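Encoded as structure tokens, the structure appears first; notes follow it.
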Amino acid sequence: MAERQYDDEEVATIFKRAAESEHSVLPAPGEGKGLTLAALQDIGREVGIPPEAIANAARSLEQGGRPASRFFLGLTIGVGRTVDFDRPLSDAEWERLVADLRETFDARGTVRYDGPFRQWTNGNLQALLEPTPTGHRLRLQTVKGDTRAMMSLGLTVLGGAAAMAIVLGLAGNLGHAGSATGIGVIALMGLGMFTAGAARLPGWARLRRTQIEQVIARLTAAKTLPRDDSKTD
């Protein structure tokens, strides 16, 4: 198996966490290429950061998972995070995760079991737990579907106004005051819908990223509840 390589953003995060724990000087990150853990530890030694601190920082990064985003016209309409666990999550951990999701997002949602796969969904908000050769993979993701629909409708209205302007222009009627005013009103409506939808996205994306990161942090920090084998059917 190829050794894990960290990109520039991950390298910067690892060095930042390691430097903070050791009160050391923060070294420069990599330059556009992936670095293995061993390479990061070599760099850390040069500035006085112990290899153990680099390894712990890298481990904390792995526990936080890999971010994922979906975009529409360059705007973030979906956020998520994927975490690979090197062991299977217990039933108790899954139940605590579902309870945390319901409290964090103020949503009851629906739990579904499909063989080894587990799922909690509440509209576009999803938590998927699937088995891997070494343990479990958790995917938390959500999409701002209503905003995308509003922006798409706004673009459609704008397109309709443009089409009307072209038709009237070809017919020589675009100069009429009533025609120009009507097209202008329609275009403003479309622009307003698109702008209203787009304005909601940055704050929504920040909030959902933070909530997802917090849920994962609580899950990875919690200890597995002991199994009670004394109960009998």
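In the list ILE43, ILE77, ILE54, which residue meets the criterion of being β-branched (Val, Ile, Thr), at pLDDT 90 or above and not in a loop (DSSP other than H, G, I, E, B)?
Details: ILE43 fails: at pLDDT 90 or above; ILE54 fails: at pLDDT 90 or above.
Criteria check complete, one pass: ILE77.
Suppose we keep only residues that are farther than 28 Å from ALA127 by Cβ and crowded, with 18+ Cβ neighbours inside 10 Å within the stretch 188-211. Which one would you say is farthest from the chain's Cα centre (by Cα)?
Ranking the qualifying residues of the stretch 188-211, first place goes to GLY190.
Restricting attention to the stretch 129-137, does a residue exist that is touching a residue at least 12 places away in the same chain (Cβ under 8 Å), surrounded by 16 or more Cβ atoms within 10 Å (Cβ to Cβ) and either closer than 19 Å to GLY203 by Cβ or hydrophobic (A, V, I, L, M, F, W, C) (or both)?
Yes, some residue in the stretch 129-137 is touching a residue at least 12 places away in the same chain (Cβ under 8 Å), surrounded by 16 or more Cβ atoms within 10 Å (Cβ to Cβ) and either closer than 19 Å to GLY203 by Cβ or hydrophobic (A, V, I, L, M, F, W, C) (or both).
Any residue in the stretch 90-109 that is more than 16 Å from ARG209 (Cα to Cα) sitting within a Cβ distance under 8 Å of a residue that is at pLDDT below 95 and among the hydroxyl-bearing types (Ser, Thr, Tyr)? List the pairs, counting only those 6 or more apart or interchain.
Cβ pairs passing all conditions: SER90/THR224; ALA92/THR224; GLU93/THR224.
The values are calculated or read from the model by the stated rules, or taken from the named source; none is laboratory data. Since this is a predicted model, take the numbers as computed values, not measurements. Note: ideal-geometry Cβ built from the backbone for every residue, glycine included; neighbour counts use all protein chains shown.
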